[in-house]
Structures are given as structure tokens and as C-alpha cells.
Amino acid sequence: MKVTEHIEKANGKTLFSFEILPPLKGQHIQSIFDNIDPLMEFNPPFIDVTYHREEYVYKEMENGLLQKQLVRKRPGTVGICAAIQNKYEVDAIPHILCGGFTKEDTENFLIDLDFLGINNVMALRGDPVKSEIYFKAEKEGHHYASELVTQIQQLNEGYYLDEALLNTNKTDFCVGVAGYPEKHLEAPSLDSDIHFLKKKIKKGAAYIVTQMFFDNEKYFEFVEKCRASGITAPIIPGLKPIATMKQLNLIPHRFNVDLPEELIKEVIKCTDNNQVSKVGIEWCIAQSKQLKAAGIPVLHYYSMGRSDNIKAIATEVF
Ligand code: FAD
């Protein structure tokens with residue numbers, strides 16, 4: 001079922017969903033099931049699986065020189081989605097990127113998803129590769145997520161890259177896109193970011209999932225601005241409980257979000273990560289309860305390879 005249909009069917013009830021990362025290359029898929037199992041009692045209608053493109057690593061050779069190698073540390077997005085749908089009978093949503101994909105790669109990826117019975121997809125541009133500052137599209141690839149949404153929509157209408165193909169199968173993807181309550185790192189302003197977010201919706205995206213935020217006011221203001229700009233699609237809040245002291249510096253830097261002063265003070269008081277995790281859980285429960293009370297259709301949690309803290313939150317909220 002499509003995400004939009006799940007929301008309609010819930011008839012105003014707030015749904016629980018979450019995102020997982022594929023395991024590091026070499027790990028067994030059981031590590032993913034161990035992450036998902038404890039969360040199934042909260043009836044997620046869908047589970048997102050992130051996509052991780054290749055990155056450059058430097059390996060030291062015997063002669064002491066460094067060799068640059070292109071590796072994918074977390075492959076398996078499509079396989080994990082198929083396994084989730086098969087094992088749990090819930091919808092799995094693969095993330096798909098512009099980065100590292102030509103249009104042909106994208107088309108073939110989407111064909112695989114269609115054949116597997118996966119009909120939701122989260123369309124993203126992707127970040128620049130680690131060794132570069134600016135995002136670089138493949139020669140035959142997309143520069144922005146809006147272009148990727150267009151290609152998916154074209155496939156939904158039966159238009160493939162090879163115009164000579166006749167009697168083509170029309171796919172039926174429901175497309176999600178990313179939104180940033182505190183603006184995307186590269187956007188010159190929130191208004192300009194929302195302008196391009198609207199473009200993604202105009203091109204065919206059906207819903208938005210937000211970047212994590214720790215102050216609900218930022219989310220409510222963002223929704224208000226989106227609505228004022230004419231965006232009517234559901235805006236699903238993305239939530240992440242702080243779990244380690246290190247994240248205090250890492251999260252603002254990596255995701256371009258602010259942490260509220262009160263949360264920072266509570267984390268700084270902690271003497272170990274167990275205490276930090278408790279603070280993160282309490283904060284996220286308070287955020288979740290307020291969002292639920294406001295009638296938000298879905299709360300989406302970034303599990304980042306852990307389910308104990310998400311379970312503790314869901315137990316209090318759902
Ligand atoms: P876009 O919508 O293309 O926007 C990128 C920037 O360009 C923005 O600043 C926007 O304002 C600007 N822009 C857009 N269109 C134009 C235009 N026509 N002209 C000028 N400027 C324009 N990354 C991964 O690698 N894998 C994942 O699985 C993944 N999942 C994510 C899930 C969520 C919910 C979120 C919020 C992010 C996720 N990301 C993931 C990170 C994401 O790939 C990065 O944030 C990336 O830098 C931007 O992606 P986007 O789809 O928002 O890009």
C-alpha cells in the first residue's frame with residue numbers, strides 16, 4: 001500500500017514508522033531483523049531503508065603509499081526492502097539517490113523495485129562524496145531530487161528512456177521527498193529551500209519527510225510556511241533521540257540543525273552515555289507527545305542501527 005493510503009486509512013490516528021540503515025558490508029541480515037523485531041509491536045505501516053553510495057577510502061600499501069579506492073560500505077538497500085516485505089508483510093521504502101546514478105541506472109533500479117512489488121520510494125539527491133565540497137551529478141544523472149521525481153513520474157506514465165519501447169508497463173510509485181525545517185545546508189534561505197521543495201511536489205512527490213529537529217516550534221513554523229506557499233502534501237516529522245555525548249557536536253555539524261539550550265544543558269550534566277540516552281529518550285517522548293496531540297499523521301524515527309531507545313519512546317507514545 002502507498003504511504004498516502006496508509007495515512008488515509010488511519011483516519012486521523014498517528015502512525016509509527018522508522019528508518020533503518022543497511023548493515024556494514026560483511027554483516028548478516030539478521031542484524032537488521034534484530035533491529036526491527038522489537039519495534040513490530042507498534043505496527044509500523046512502513047519502514048524506510050536508507051541508500052549509501054560509494055565513497056573513496058585510502059588504503060596503505062606495502063610501500064607506505066596510499067591507494068585511493070572506491071567502496072560501498074553499506075550496500076543491500078533493495079535486498080533488505082524485499083526481505084522486510086517478505087518477512088514482516090509491511091511496506092518497505094527504499095531511498096534512491098541522484099548521486100552515483102545515471103538515468104539508466106535509476107530506471108533499472110526502479111524496474112527492480114516494481115518487479116519486487118515495492119511501490120513507495122523516497123527520492124533524494126544525496127550528499128557530496130566525502131572528499132568533495134559540492135555535489136556532483138553523474139554525467140548522465142540528475143542534479144536535483146526534483147529531476148529524479150520527474151523521471152519516476154514519467155515511468156509511472158509508462159515513459160521509459162528508450163522511446164522506441166512499445167506497450168510499456170506503467171509503474172505505480174508513491175514518491176516521498178526530503179524537507180528541512182531548519183533549511184538545507186546549501187540553501188541560501190528557508191524560503192528558497194521551500195520554493196524548491198514545492199517544485200518536488202509539483203513534479204509528482206506525494207509526501208515529505210523532514211530532517212530531524214529537536215524543537216517542535218521549528219517543525220510547526222516550517223509546516224505553516226509550506227502551507228502558505230501552497231504545499232498541501234503530508235509533512236511527516238523525522239525524529240531522532242540523542243544517544244551519545246559525541247552527538248552533541250556531531251548532529252548540528254552533520255545535519256545542519258540546532259539543539260535547544262535546555263537539551264544541551266541536560267546532556268552536559270551526564271557522566272556517561274547511559275545517562276545521555278535517558279535524556280535523549282525523555283526529550284523525544286515529550287516532542288512525540290506534543291506532535292501526536294497536534295494530530296500529525298505519522299511520526300518517523302531515525303533508528304540509526306539502534307532500536308532500544310526507539311522502543312522506549314514508542315512504548316510511552318503509541
Ligand atoms: P534537493 O531537493 O535536490 O535539494 C538540494 C539543495 O539544492 C537544497 O539546498 C535545495 O534548496 C537546492 N535546490 C533544489 N533544486 C534546485 C534548483 N533547481 N536550483 C537551485 N537549487 C536547488 N542521503 C543519503 O545519501 N541516503 C539516504 O538514504 C538519505 N535519506 C534521507 C532521508 C531524509 C528524510 C532526509 C531529510 C535526508 C536524507 N538524506 C539521505 C540526505 C540527503 O541526501 C541530503 O540532505 C542532500 O544533501 C539533499 O537531498 P535532497 O533530496 O533534499 O536534495
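The values are calculated or read from the model by the stated rules, or taken from the named source; none is laboratory data. Quick caveat, the model's predicted, so the values are computed rather than measured. Heads up, the Cβs are rebuilt from the backbone with ideal geometry, glycines too, and the neighbour counts pull from every protein chain shown.
Name the residue that is nearest to ILE152 (Cα to Cα), counting only residues in segment 189-231 that are more than 14 Å from the ligand (Cβ to nearest atom) and touching a helix residue (DSSP H, G or I) at 6+ places or on another chain (Cβ under 8 Å). Break it down stepwise before answering.
If we filter segment 189-231 for residues that are more than 14 Å from the ligand (Cβ to nearest atom), which is where we start, we get 206, 214-217, 220-221, 223-224, 227-228, 230.
Keeping just the survivors that are touching a helix residue (DSSP H, G or I) at 6+ places or on another chain (Cβ under 8 Å) gives 206, 214, 216, 230.
Numbers: ALA206: 12, PHE214: 32, ASN216: 32, GLY230: 22 Å.
It comes out as ALA206.
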Do we find a residue being within 16 Å of the ligand (Cβ to nearest atom), part of a loop (DSSP other than H, G, I, E, B) and surrounded by 18 or more Cβ atoms within 10 Å (Cβ to Cβ) anywhere in segment 160-171? no
Within segment 128-145, work out how many residues are surrounded by 15 or more Cβ atoms within 10 Å (Cβ to Cβ) and either more than 17 Å from LEU70 (Cα to Cα) or of a type outside the set (A, V, I, L, M) (or both). 6
List every residue pair whose Cβ atoms sit under 8 Å apart, with the two residues 6 or more apart in sequence or on different chains, where the first one lies in segment 136-159 and is closer than 19 Å to TYR207 by Cβ and the second, anywhere, is of a type in the set (Ser, Thr, Tyr) and in a loop (DSSP other than H, G, I, E, B). ILE152/THR171; LEU155/THR171; ASN156/THR171
Which of the residues spanning segment 172-183 are near the ligand (Cβ under 10 Å from one of its atoms) and aliphatic (A, V, I, L, M)? VAL177, ALA178
Within segment 78-94, is even one residue at pLDDT 95 or above and in a loop (DSSP other than H, G, I, E, B)? yes
In this structure, is VAL257 within 11 Å of the ligand (Cβ to nearest atom), buried (at least 18 other Cβ atoms within 10 Å of the Cβ) and assigned to a loop (DSSP other than H, G, I, E, B)? yes
In segment 126-137, anything out of contact with any strand residue (DSSP E or B) (no Cβ under 7 Å at 6 or more places or on another chain) and either closer than 16 Å to ASP172 by Cβ or at pLDDT 90 or above (or both) is listed as ASP127, PRO128, TYR134, PHE135, LYS136, ALA137
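Here's the yes/no breakdown for (1) within 23 Å of VAL3 (Cα to Cα); (2) of a type in the set (A, V, I, L, M); (3) part of a helix (DSSP H, G or I):
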site: PRO237; (1), (2), (3): yes, no, no
site: LEU248; (1), (2), (3): no, yes, yes
site: PRO252; (1), (2), (3): no, no, yes
site: GLU266; (1), (2), (3): no, no, yes
site: LYS278; (1), (2), (3): no, no, yes
site: TRP283; (1), (2), (3): no, no, yes
site: ARG306; (1), (2), (3): no, no, no
site: ALA312; (1), (2), (3): no, yes, yes
Boolean, GLY117 is within 12 Å of the ligand (Cβ to nearest atom), among the small types (Gly, Ala, Ser) and farther than 20 Å from LYS203 by Cα: no
Restricting to segment 33-61, give me the number of residues that are closer than 25 Å to VAL129 by Cβ and either more than 16 Å from the ligand (Cβ to nearest atom) or without any contact (Cβ under 8 Å) to a residue 60 or more places away in the chain (or both). 8
Output yes when any residue across segment 275-290 is surrounded by fewer than 19 Cβ atoms within 10 Å (Cβ to Cβ) and touching a residue at least 40 places away in the same chain (Cβ under 8 Å), and no when none is. yes
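Take the residues of segment 137-159 that are assigned to a loop (DSSP other than H, G, I, E, B) and within 20 Å of the chain's Cα centre (by Cα): which is nearest to the ligand (Cβ to nearest atom)?
Looking only at segment 137-159, we keep the residues that are assigned to a loop (DSSP other than H, G, I, E, B), and these are 137-144, 157-159.
Among the residues that remain, those that are also within 20 Å of the chain's Cα centre (by Cα) are: 137, 142-144.
Values: ALA137: 10, HIS142: 8, HIS143: 7, TYR144: 4 Å.
This residue is TYR144.
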For LYS130, which of the numbered conditions (1) within 13 Å of LYS200 (Cα to Cα); (2) more than 8 Å from the ligand (Cβ to nearest atom) fails to hold? (1)
